[in-house]
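All remarks here apply to the structure that follows.
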Amino acid sequence: MARTIHGRSEERLAYWTMVLPAVLLYLLVLGFPIIISIILSVSNYNGGKMFGGEPWKIVGFQQFQRLIRDSFFWAALKNNIYIVLVSIFGQLPLGFIFAYLIYRRIVKFGDFWQGVLYMPNIISVIVIGIMWAIIFSPNGLIAEIMNRLYAGSISHQITQIFNAAGGFNITDDVVRQLIHASGPVAGQTFTDPPTELKQFILTYDPTKLELLKHDLVNLLGTKWTPTFLSKPDVAMLPVLFVILWCWTGLYLILFLANMQKIDVQIIEAARIDGASEGQVMSRVVLPSLSGVIVNAAILCIAGSLNSFALVFAMTRGGPARVTELLSIYMYDAAFFGTPNYPLANAIALSIVLLSMVLIVITKLVEKRYGGRE
Amino acid sequence: MPEPLKNQPAKRLMGVLGKGASYAVMGIFAFMTIAPLVWLILSSFKSTTEFRLNRVGLPHIWTTINYPGAWKLGEFSQLIGNSFIYTLGATLGIIFFSILAGFAFAKIKSRATPILYGSFVLGILLSIQSLMVPLFIEVSQLDRLLTDLFRVLGILKNGQVNFFYDSRFGVLLIYVGSGLPTAIYLSTEYIKGIPYALVEAARIDGATYFKIFRWLILPMSVPIATTVAILNITGLWNEFALINILVSRTQLKSLPLGVFKFTSNLTSDWGKQFAALVIGMAPMLLFYIGFRKQITKGVAAGAVKG
């Protein structure tokens with residue numbers, strides 16, 4: 001009999017041989033690090049040899065007490081919460097609406113939109129972070145576009161002033177108009193704008209009016225310097241924008257795939273009964289996706305609390321640590337300056353605990369308000 | 001029914017307006033997605049001097065001069081090779097070990113399964129990135145332990161063992177481990193769908209579990225293996241947080257680390273910086289263009305509940 005050839009012991013051996021590699025790897029990346037973080041967060045370990053090196057011991061919950069009083073910790077936590085909020089109230093609804101527009105064929109070329117909006121997800125967040133840091137910088141795309149608009153407007157005004165004056169005909173009135181057109185800039189450039197500007201203009205050859213106009217645009221045009229990423233009170237906004245920019249497409253794909261599983265006849269029936277698209281969306285599609293939405297929210301929370309690389313590349317937590325996240329704080333505590341491993345491990349543990357708490361809350365909300373899946 | 005008929009023109013107007021608004025919102029978002037990327041690519045074909053004067057438009061003089069410089073400075077030939085090794089090695093590892101464990105969880109009865117499988121499913125939500133500091137301490141301490149052990153055994157006279165920290169093998173281990181929870185969940189659920197009668201028939205014919213794995217389960221799991229591969233390839237290729245702390249030698253670094261170097265060193269050499277960014281995103285962009293349908297499908301299938 002076959003049964004007797006392969007006994008229970010062969011079965012058990014096979015089971016453990018198959019499961020053990022995965023279990024060991026799992027312990028290596030998750031089990032042991034969690035244990036290490038628990039132990040080291042209450043120790044005075046300073047990075048030496050853990051076994052048989054300099055002695056270290058358990059000293060208690062000092063690091064956690066320190067964190068509770070640490071304003072940088074709360075600031076970082078607040079930024080993490082902002083990211084969670086932008087994800088849940090920005091990425092999810094936008095992703096859902098886009099998915100619905102494509103699903104109901106309200107917009108054509110669904111494949112194209114989907115393909116474009118998902119694109120940021122496959123690009124390295126390091127590239128994305130650096131790219132947006134450049135775009136928001138004083139040398140970047142936004143500054144350039146704004147300055148071109150300013151330059152275009154003042155160039156237009158200067159041309160009009162000279163046309164009205166009939167060419168190179170420098171009267172005090174023309175100078176006054178030029179100063180007026182420049183707004184505050186002339187006052188910042190010259191101590192006595194009317195005389196100095198007139199002297200400056202008169203150094204030009206009267207036949208080279210175009211050259212004069214060009215130089216005046218450069219001289220008098222408003223220079224706009226974006227301070228998004230260098231001003232502490234607004235620096236978090238570009239970061240949140242990029243996070244929204246980056247991951248909305250993921251939820252679009254997730255929701256669209258699940259919408260396509262809905263029985264089309266239900267929606268057709270609702271439409272024939274006179275339901276508007278808005279009603280179909282809120283009464284038919286939204287309820288049947290509630291389970292998926294909760295999952296997406298959990299995914300969002302877990303991802304948001306752990307976000308590191310994008311912000312690390314974009315601002316590195318600056319200026320003055322206002323865009324710092326828990327993960328960046330942890331990184332700096334361990335790898336920047338004098339390492340403080342107990343503190344870093346206390347932060348790591350807080351991130352893990354916080355994700356668990358938020359996920360449990362989301363699960364409870366799901367139970368309370370009934371996800372269908 | 002007179003009621004709906006009366007509303008018809010108003011409804012149609014609303015429909016047209018709604019359609020217009022939908023296209024507008026969609027168009028704006030899509031434009032905002034693609035414009036920065038196009039700008040980045042265009043800028044990489046301008047010399048640094050031209051970029052200073054012409055930051056927005058098409059290049060007046062198209063030049064590829066930035067690319068050789070950035071390539072050499074970032075040591076990208078080395079880094080891209082490493083990225084291939086890490087991505088392919090870890091993807092194959094994740095597929096193999098997850099199907100192996102998934103087979104055991106799904107088809108071999110054991111009292112350990114609920115605890116083990118349950119803890120893997122729990123792990124889907126815990127990101128290993130938040131544990132990078134304890135992970136770093138773990139790998140460096142493991143190497144020190146091994147060094148001591150080898151010295152005691154007399155295998156090693158002097159020097160250090162780099163088995164976990166600062167080694168390709170260490171990076172691969174961590175990458176495979178971090179991909180396992182999701183992959184094991186997907187594989188187990190998939191293999192549960194394979195009829196048990198097939199396994200039983202093979203058992204009665206005298207096949208060992210390993211033979212069944214090799215000749216029955218593995219071939220039948222190709223679809224889920226593809227999903228797992230698609231789910232992991234972009235993430236592994238772009239991974240930064242872990243490898244940033246796991247290696248220090250340039251010979252072992254991956255592409256994102258090379259691109260990151262350009263933030264600090266070269267802020268004034270725009271041309272090279274843009275070229276480096278394009279080099280950083282080009283491989284995955286091509287992969288996406290080639291396999292968009294599969295990637296989209298895999299992502300939708302792989303976003304699992306915890």
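Shape descriptor for region A:2-41: Rg over Rh equals 1.35 (Cα atoms; Rh from the Kirkwood inverse mean 1/r).
Residue by residue through A:341-349, how many Cβ atoms from other chains fall within 10 Å of the Cβ on average?
Mean partner-chain Cβ count within 10 Å for A:341-349: 3.
When the listed pairs A:K213/B:K46; B:K107/B:K211; B:K157/B:K253; A:K231/B:K253; A:K261/B:K293 are checked against a 24 Å cut-off, the alpha-carbon distance exceeds it for A:K213/B:K46; B:K157/B:K253; A:K231/B:K253. Computed as a quarter of the hull surface, the mean projected area of the alpha carbon convex hull for chain A stands at 35.3 nm².
Under the rule of -39500 (n - 2.57) per DSSP H run of 4 or more residues, summed and divided by the residues of the protein assembly as shown, what mean residue ellipticity at 222 nm is obtained, to the nearest 500 deg cm²/dmol? Don't skip to the answer; put the middle values down first.
Working: 32 runs with 475 residues, N = 679.
Rounded to the nearest 500, the figure is -23000 deg cm²/dmol.
Put simply, the C-alpha atoms of region A:101-206 give a gyration tensor, and the ellipsoid matching it has half-axes of 49, 19, 10 Å, longest first.
Within the shell defined by Cβ-Cβ distances under 10 Å, the residues around A:R104 carry a net charge of +1, with Lys and Arg each +1 and Asp and Glu each -1. Between B:I61 and B:D205, the modelled labels are 7.1 nm apart [label points 7 Å from Cα along Cα→Cβ]. Value of Rg to Rh for region A:145-220, rounded to two decimals, is 0.93; Kirkwood radius and Rg both from alpha-carbon coordinates.
Remark: mean inter-chain Cβ contacts per residue of B:256-263 equal 4, using a 10 Å Cβ-Cβ cutoff to other protein chain atoms. The simple spin-label model puts a point 7 Å past each Cα toward its Cβ; for A:R12 and A:N139 those points are separated by 6.8 nm. The equivalent ellipsoid of region B:190-306 has semi-axes of 43, 17, 11 Å, largest first, where each one is the square root of 5 times an eigenvalue of the Cα gyration tensor. Using a basic spin-label model with each label point 7 Å from the Cα along Cα→Cβ, how many nm lie between A:L237 and A:D192? Distance between the two pseudo-spin positions: 4.1 nm. For A:S43, the residues whose amide H sits under 5 Å from its own are A:V59, ignoring neighbours fewer than 5 places away on the same chain, with H placed 1.01 Å from N. If you plug the beta carbon distance of A:D172 and B:I34 into 1/(1 + (r/R0)^6) with R0 = 60 Å, you get a FRET efficiency near 0.70. Kindly state, to the nearest 0.05, the FRET efficiency for A:Q260 paired with A:R283, given R0 = 22 Å and r defined as their beta-carbon distance. It comes to 0.75. Straight-line reach from B:K297: taking Cα to Cα under 18 Å and skipping same-chain neighbours fewer than 8 places apart, the aspartates and glutamates in range are A:D111, B:E189. Per residue, the average separation of C-alpha pairs within less than 8 Å and at least 6 apart gives chain A a relative contact order of 29 percent. Accessible area buried by the pairing of A and B, both sides summed with a 1.4 Å probe, works out to roughly 9000 Å². Once all protein chains are placed together, A:W74 keeps about 120 Å² accessible to a 1.4 angstrom probe.
Could you tell me the calculated FRET efficiency between A:R66 and A:L27, based on Cβ-Cβ distance and R0 = 35 angstrom, to the nearest 0.05?
On the way: r = 30 Å, r/R0 = 0.85.
With a Förster radius of 35 Å, E is 0.70.
Fully extending the segment from A:K49 to A:F335 would add 101.3 nm, taking 0.36 nm per residue of separation and subtracting the current Cα-Cα distance.
Computed over region A:120-271, the P(r) curve from all C-alpha pair distances, binned at 5 Å from the origin, holds 1, 8, 13, 13, 10, 8, 8, 7, 8, 7, 5, 4, 3, 3, 2, 1 percent per bin.
Remark: region B:1-130 is approximated by an ellipsoid whose semi-axes, taken from the C-alpha gyration tensor as √(5λ), come to 45, 42, 11 Å, largest first.
A quarter of the convex hull surface defined by the alpha-carbon atoms of region A:1-155 gives 22.6 nm² as the mean projection.
Build a GNM of chain A with springs between Cα atoms under 10 Å apart, and of A:V239, A:V29, A:V125 the one that fluctuates most is A:V29.
Computing Rg and the Kirkwood Rh from the Cα coordinates of the protein assembly as shown gives a ratio, Rg/Rh, of 1.05.
Of the listed residues B:W215, A:W132, A:W247, the order by accessible area with a 1.4 Å probe, largest first, is B:W215, A:W247, A:W132.
Over all pairs of different C-alpha atoms in region B:73-302, the reciprocal of the mean inverse distance, the Kirkwood hydrodynamic radius, equals 19.9 Å.
Across all directions, the average flat footprint of the convex hull enclosing the Cα atoms of region A:253-373 is 10.2 nm².
Solvent-accessible area of A:H214, all protein chains in place: 110 Å² (probe radius 1.4 Å, heavy atoms, ligands and nucleic acids excluded).
The values are calculated or read from the model by the stated rules, or taken from the named source; none is laboratory data. Values in this document were obtained by computation on a predicted structure and should not be read as measured data. Backbone-built Cβ (ideal geometry, glycine too); neighbour counts: all protein chains shown. Heavy atoms of the whole protein, side chains included, go into the accessibility calculation; ligands, DNA and RNA do not. Shrake-Rupley method; radii C 1.70, N 1.55, O 1.52, S 1.80 Å.
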